[in-house]
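Following: one structure in structure tokens, then a few remarks.
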Amino acid sequence: MPVSFVVYIDEFGDTGLEQIKKPDDPKGGTEWLVLSAFLVRIQNDSEMVTWTRDVQKQFISRRADLHFNKLLPFKKTHVCAALATKPARCFVAMSNKKNIEKYKNPRLDDDNKAWIYWFLTRLLLERVTAFCAQHVPEARKDQDKLRIIFSRRGDLTYKDFTDYLRRMFYERGAQVLGYKELVWSVIDFDEIYAHDHGDRAGLQLADVIAGSFFQAVELNRGAQVECDPSYAKLLKPLMHHNGRRWYLGFGVKPMPLLGEMNLTDPQKELFTFYGANANSWRKK
């Protein structure tokens, strides 16, 4: 089947749940795990190397690849502002892990920490596949497919994700926790890949998205105690919305509900910028 869309998926943060960092306690795993999806049409996929050069042309880089967390602050600003002009659509799934600290999935062995990564990937793909399906011409419904490319992590087995996806496909129609279904008409199980960060320029751009949103909410990042949402705000032109400029739940998917997170005021700034209001912070 022809591929019409390519999505690059990367992450910032870790899957550790045994001990989670708190605003007043820097020990443990990251408070947040952020997954990003950088979606382009197939005709633009050959431009990924050019785009990574474009977003860095305002400064000299001696690195062979683009890593958001290696950039100085002024370079991050240049990269995000330039990337926001590209014809792409972006999505993030953001898990605040405080409410699942020490949680163990009863259906998995204790050493399996990949489940949270795959669950956030599911949330991303629910939204990505819906967007793709909406932009497939009627005459090509069920034909045009999505290519999925992950940034390889050493602790993940990508065959496990393909198996997880197939299981969801065979169990489709059974609502789980009220979440949406993927739009299966754009999924091709033979178009799921994992590559090293440096091997695919599109993964480096997905890294910019994930890193920007992670930095917007994560406290106690080594020497950087405070979060900084300025870079994620610059990316707003890329972020998916519902057509009425409503981003939360569409291009920006927080987990759990905002009212259950007990965030600090600096952490709330990002979500307020993307549409959260007073009602968003009330416990349901």
Difference of contour (0.36 nm per residue) and Cα-Cα distance, residue 135 to residue 163: 7.4 nm
Heavy atoms of residue 115 accessible to a 1.4 Å probe, total area in Å² rounded to 10: 50
Computed log₁₀ I(q)/I(0) - Debye formula, equal Cα scatterers, no solvent, the chain, q 0.12, 0.14, 0.16 Å⁻¹: -0.75, -1.05, -1.40
GNM flexibility winner over the chain from 74, 150, 131 (Cα, springs under 10 Å): 74
Accessible area expressed per residue, the chain, with surrounding protein chains retained (probe 1.4 Å, Å²): 48
Residue 46 - accessible surface, heavy atoms, 1.4 Å probe, Å² rounded to 10: 90
Set of lysines with alpha-carbon distance to residue 27 below 27 Å, sequence-local pairs under 8 removed: 70, 76, 97, 98, 102, 104, 113, 253, 268
Portion, in percent, of the accessible area of the chain that falls on carbon or sulfur, probe 1.4 Å: 50
P(r) of the range 143-264 over all Cα-Cα pairs, binned every 5 Å from zero, in whole percent: 2, 8, 12, 16, 20, 20, 14, 6, 2, 0
GNM flexibility winner over the chain from 259, 211, 173 (Cα, springs under 10 Å): 173
Estimated vicinal HN-Hα couplings, Hz - the range 126-139 in sequence order (Karplus 6.51, -1.76, 1.60; Gly, Pro = x): 4, 7, 5, 5, 5, 4, 4, 4, 5, 10, 8, x, 3, 5
Cα-Cα P(r), the range 1-156, percent of pairs per 5 Å interval: 2, 8, 15, 16, 17, 15, 12, 9, 5, 1, 0, 0
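Relative contact order (percent) for the chain, with alpha-carbon contacts under 8 angstrom and 6 or more residues of separation?
On the way: 471 pairs, mean separation 79.7, N = 284.
Once normalised by length, the contact order is 28 percent.
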Nonlocal amide H pairs with residue 274, under 5 Å, H built at 1.01 Å: none
Rg/Rh ratio calculated on Cα atoms of the range 41-93 (Kirkwood radius): 0.97
Beta bridge orientation in the chain: antiparallel %, DSSP, nearest 5: 50
Cα→Cβ-extended label distance, 7 Å offset, between residue 199 and residue 246, nm: 4.1
Most mobile listed residue (201, 139, 216) in the chain, GNM with C-alpha springs under 10 Å: 139
Heavy-atom accessible area ranking, 1.4 Å probe, most first, across 54, 144, 190: 190, 54, 144
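Taking only DSSP H segments of four or more residues, each worth -39500 (n - 2.57), what value at 222 nm results for the chain once the sum is divided by all its residues, to the nearest 500 deg cm²/dmol?
It comes out at -9000 deg cm²/dmol, rounded to the nearest 500.
The values are calculated or read from the model by the stated rules, or taken from the named source; none is laboratory data. Computed from a predicted structure; not experimentally measured. Every residue, glycine as well, gets a Cβ built from its backbone with ideal geometry; the counts of neighbours run over all protein chains shown. Note: accessible area is taken over every heavy atom of the protein model, side chains too, but ligands, DNA and RNA are not part of it. Shrake-Rupley method; radii C 1.70, N 1.55, O 1.52, S 1.80 Å.
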